[in-house]
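One structure is given here, and the rest of the page talks about it.
The values are calculated or read from the model by the stated rules, or taken from the named source; none is laboratory data. The structure presented is a predicted model; accordingly, all values stated were derived computationally and were not measured. A quick note on method: Cβ atoms are made from the backbone with ideal geometry, for glycine too, and the neighbour counts reach across all protein chains shown. With ligands, DNA and RNA removed, areas are computed over all heavy atoms of the protein, side chains included. Shrake-Rupley method; radii C 1.70, N 1.55, O 1.52, S 1.80 Å.
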Amino acid sequence: MRPLFPSLLAAFAFATASSAFAHVTVSNPWARATVAQQQASGVFMELRSAHDNAQLVGVKTDAASSAEVHEMRMEDNVMKMRAVPSVSLPSGQTVSLKPGGYHIMLMGLKKPLTAGENVDLTLEVLHADGAKESIAVSAPVRALAPAASAHPPASGGHQHQH
């Protein structure tokens with residue numbers, strides 16, 4: 001009887017559509033704080049699909065006029081950012097949405113994102129069986145770290161062109 005139990009458990013979890021049995025889990029969400037007049041920011045997290053191959057297919061938020069899944073990648077030695085229709089979430093693997101890779105781009109921010117606040121998002125996930133899952137995420141806003149690579153202005157306040 002022992003081999004039957006995991007199969008029954010898997011069948012029960014698969015057949016249960018309640019949010020108590022979420023198929024995709026979110027961990028370590030955070031949003032990048034903005035400065036005055038900044039209209040866009042990124043949101044980052046780790047996603048893991050427990051039961052099947054799924055896809056992150058959309059994002060909704062009231063914090064910005066639009067939210068898209070973007071990818072940063074090197075093309076011809078230039079880092080480029082572009083919107084992507086989806087991000088694959090292979091079963092049992094953690095997929096990181098992080099600076100310099102896949103991330104959620106908030107555009108047309110309705111107000112600055114201040115450290116200590118949270119940004120509420122709804123992730124739209126499509127599962128291999130065609131089922132859709134909406135996942136509510138509250139991402140804490142983190143202050144920007146001082147940029148180690150920031151170039152101080154040239155003496156006299158003007159920049160040299162080469």
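Descriptive notes on the structure:
- With contacts taken as Cα pairs under 8 Å and at least 6 residues apart, segment 21-109 reaches a relative contact order of 37 percent.
- Note on Ser65 and Ser91: with the Förster distance fixed at 45 Å, the Cβ-Cβ geometry gives a FRET efficiency of about 0.85.
- A full extension of the chain between Thr122 and Lys80 corresponds to an added length of 12.5 nm, given 0.36 nm per residue minus the alpha carbon distance.
- Accessible surface of segment 49-88, 1.4 Å probe, proportion on carbon and sulfur as whole %: 46 percent
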